[in-house]
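The values are calculated or read from the model by the stated rules, or taken from the named source; none is laboratory data. Being a predicted model, the structure only gives us computed values, none of them experimental. Every residue, glycine among them, receives a Cβ derived from its backbone with ideal geometry; neighbour counts consider all protein chains shown.
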Amino acid sequence: MDFFSNPNIIFYILAYLIGSIPFGLLLAKKYAGVNVKESGSKSIGATNVLRVVKETNPSLAKKLGIATVLLDALKGAFVILIALSYNMSTETLWAIAVISVLGHCYSAYLGFEGGKGVATGLGVFLVLIPLPTLIGALIWGFCAKVLKISSISSLLGLIGVVISAIILNNGLNIESNAPMYIITFIIFYKHIPNIVRLVKGEEGKVA
């Protein structure tokens, strides 16, 4: 019983369960009547929500896409903000961040399948390393505008976050930057199919 009364363990469980909530899937089903797990790239993320919903309801697609990004980012930040209010250690906060992203990518509610972790990663990074994250978001926005390819824009923005954190010496206030690298690895790993399509010139653009 001591295991489940440990505050760290409680926060880790909350991070995973809340991170696992598939907001894109739920929003698309409720408001557009479509199952994004069965259409498009079959991802639960905002880009697939936008693409799939756009086929039947273009006016609703953008709203649901934005809502998905915001909710996926918020679920990443939510448990960290609560943990901050309880003065949990920085190491615990970063562990929560990693587990939140894992929850999104390997959801307990979807048979351990899920999204690609970009928005949830954005949420945790925004709380823990805000300035590098804002720089990365600007890089993402520029690349998205110019390239119109969601996956490469997201990955370039993520690289921007990591490089900015290193250059600005905006470290994690722990002995290692490993949690940031782990989150980056998870997101890149989930994007392997996109990277393969990019190499083949088959990755679709977002109109």
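Would it be correct to say that F185 is within 27 Å of S85 (Cβ to Cβ) and modelled with pLDDT of 95 or more? Answer is no for this residue. Here V49 does not qualify as within 13 Å of the chain's Cα centre (by Cα) and in contact (Cβ under 8 Å) with a residue 24 or more places away in the chain. Pairs meeting the criteria (first residue in segment 175-197 and free of Cβ contacts under 8 Å to residues at least 60 places away in the same chain, second residue basic (K, R) and part of a helix (DSSP H, G or I), beta carbons under 7 Å, at least 6 apart or on different chains) are lacking. Does F78 satisfy being touching a residue at least 60 places away in the same chain (Cβ under 8 Å) and either of a type in the set (F, W, Y) or in contact with a strand residue (DSSP E or B) (Cβ under 6 Å, 6 or more places away or on another chain) (or both)? Yes: the conditions hold for F78. Any idea which residue in segment 142-162 is surrounded by the fewest Cβ atoms within 10 Å (Cβ to Cβ), counting only those that are within 19 Å of R51 (Cβ to Cβ) and either touching a Ser or Thr at 6+ places or on another chain (Cβ under 8 Å) or among the hydroxyl-bearing types (S, T, Y) (or both)? Filtering segment 142-162 for residues that are within 19 Å of R51 (Cβ to Cβ) and either touching a Ser or Thr at 6+ places or on another chain (Cβ under 8 Å) or among the hydroxyl-bearing types (S, T, Y) (or both), the one surrounded by the fewest Cβ atoms within 10 Å (Cβ to Cβ) comes out as L147.
Summed over segment 110-139, the residues that are more than 17 Å from S100 (Cβ to Cβ) and small (G, A, S) give a count of 3. Every condition in (1) in contact with a helix residue (DSSP H, G or I) (Cβ under 7 Å, 6 or more places away or on another chain); (2) touching a residue at least 12 places away in the same chain (Cβ under 8 Å); (3) at negative phi is met by I9 except one, and the failing one is (2). Annotation: S85 fulfils all but one of (1) without any contact (Cβ under 8 Å) to a residue 12 or more places away in the chain; (2) touching a Phe, Trp or Tyr at 6+ places or on another chain (Cβ under 6 Å); (3) not β-branched (V, I, T); the unmet one is (2).
Output yes when any residue across segment 27-38 is closer than 21 Å to E91 by Cα and of a type in the set (V, I, T), and no when none is. Within segment 27-38, not a single residue is closer than 21 Å to E91 by Cα and of a type in the set (V, I, T).
Scanning segment 9-19 turns up no residue that is farther than 30 Å from A178 by Cβ, over 18 Å from the mean Cα position of the chain (by Cα) and not charged (D, E, K, R). Taken over segment 111-138, the criterion of being β-branched (V, I, T) and more than 12 Å from I80 (Cβ to Cβ) is satisfied by V118, T133, I135. Within segment 54-66, residues that are without any contact (Cβ under 8 Å) to a residue 60 or more places away in the chain and on the phi < 0 side of the Ramachandran plot reach partners that are part of a helix (DSSP H, G or I) and among the β-branched types (V, I, T) with beta carbons closer than 6 Å, at six or more positions or on different chains, in the pairs L60/V53; A61/V53; L64/V49; L64/V53; G65/V49.
V199 meets the conditions (1) surrounded by 12 or more Cβ atoms within 10 Å (Cβ to Cβ); (2) modelled with pLDDT of 75 or more; (3) not basic (K, R) in every case but one. The failed one is (1).
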